[in-house]
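Below is one structure; the comments refer to it alone.
The values are calculated or read from the model by the stated rules, or taken from the named source; none is laboratory data. Computed from a predicted structure; not experimentally measured. Virtual Cβ from ideal backbone geometry, glycine too; neighbours counted across all protein chains shown.
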Amino acid sequence: MDKNITASIIGTVISLGVFSAPNQANALVGMNFGTSNSTSPTNWTLVSQAGTFNNLIDENGNVTSLGVTVSGPAAGFSVATNSNTIPINTPSLSNLASNFYNPGFNATPLLVNFSGLASNSLYNIYVFGLRGGVPIYQTVTITGGGSPVSFIQQGPANSLFVNSGIGNSTNTLSSYAISILSSAAGTIDVSYTGGDGGNGVTFTAAGVAIDVPSAAVPFEFSSSLGILTFASMSGFLALRKKLSVR
């Protein structure tokens with residue numbers, strides 16, 4: 001077939017808007033802190049002790065390249081979370097009902113170090129604080145490739161804090177997002193440091209979540225006329241080669 005005809009067919013396919021580039025939708029990777037018997041939101045990773053955890057799953061159950069190292073004095077504790085402070089999310093965050101605290105009741109921080117991220121890229125991150133029985137008071141610092149971001153989580157007992165504010169059951173989780181630039185090495189670090197709020201110096205960390213790109217969707221053709229459908233770019237190239245032969 002003449003190359004001009006080939007170009008015409010390809011141009012028509014593209015002009016019809018039936019060519020789509022890879023789609024990288026974000027999926028949340030969440031981890032929560034507590035005892036080995038604590039509950040977790042669906043497809044979140046329960047961390048009940050310090051350590052390194054690789055290939056975390058996202059909320060869709062897909063394995064990712066993301067890893068995390070949790071270090072510092074960490075003891076789990078169950079908390080009856082005020083449901084009015086749990087933001088809207090799918091899956092539900094209602095099982096965020098525990099935390100890590102510092103049993104030494106001092107300013108030694110809890111460190112959460114993410115790795116396996118794309119270098120110098122923006123990620124939405126959510127840092128959760130929760131303390132049962134008495135008001136919470138702690139400083140959170142997030143460090144990536146840009147200037148560190150710090151804020152204080154301070155407020156009523158049994159309230160779920162998301163980044164710098166108290167959660168609200170009428171707001172979506174995404175409305176609390178903070179965008180953080182990853183380092184050149186593909187890392188983002190979070191630290192929780194307890195402050196003196198009059199109820200003992202200790203961090204009370206409920207969990208951390210981060211948006212990461214899911215696997216790319218293959219290049220596809222899907223003609224609205226129902227003429228051509230290819231599952232991958234290789235199919236497109238094969239067609240082009242075939243049509244280019246006289």
- Query: If you take the residues of the stretch 51-64 that are of a type in the set (S, T, N, Q) and over 12 Å from the mean Cα position of the chain (by Cα), which of them is farthest from N113 (Cα to Cα)?
  - Reply: N62
- Given T12, T90, which one is over 30 Å from V201 (Cβ atoms), modelled with pLDDT of 95 or more and of a type in the set (S, T, N, Q)? T90
- Query: Any idea how many residues of the stretch 105-132 are among the small types (G, A, S), modelled with pLDDT of 95 or more and part of a loop (DSSP other than H, G, I, E, B)?
  - Reply: 5
- Counting just the residues of the stretch 133-156 that are crowded, with 16+ Cβ neighbours inside 10 Å and not in a strand (DSSP E or B), which one comes out nearest to the chain's Cα centre (by Cα)? G144
- Counting only residues in the stretch 86-106 that are in contact with a strand residue (DSSP E or B) (Cβ under 6 Å, 6 or more places away or on another chain) and surrounded by fewer than 16 Cβ atoms within 10 Å (Cβ to Cβ), the one nearest to S40 (Cα to Cα) is identified as I88
- Task: Name every residue in the stretch 59-84 that is surrounded by fewer than 21 Cβ atoms within 10 Å (Cβ to Cβ) and among the β-branched types (V, I, T), in order of residue number.
- Result: V63, T64, T69
- Query: Out of the stretch 59-82, which residues are within 18 Å of Y126 (Cβ to Cβ) and among the polar types (S, T, N, Q)?
  - Reply: N60, T64, T81, N82
- Message: Would you confirm, using the coordinates I've provided, whether T85 is among the hydroxyl-bearing types (S, T, Y), more than 18 Å from A74 (Cα to Cα), at pLDDT 95 or above and more than 19 Å from the chain's Cα centre (by Cα)?
- Response: yes
- Note on the structure: Matching residues in the stretch 173-217 (at pLDDT 95 or above, of a type outside the set (S, T, N, Q) and assigned to a loop (DSSP other than H, G, I, E, B)) number 5
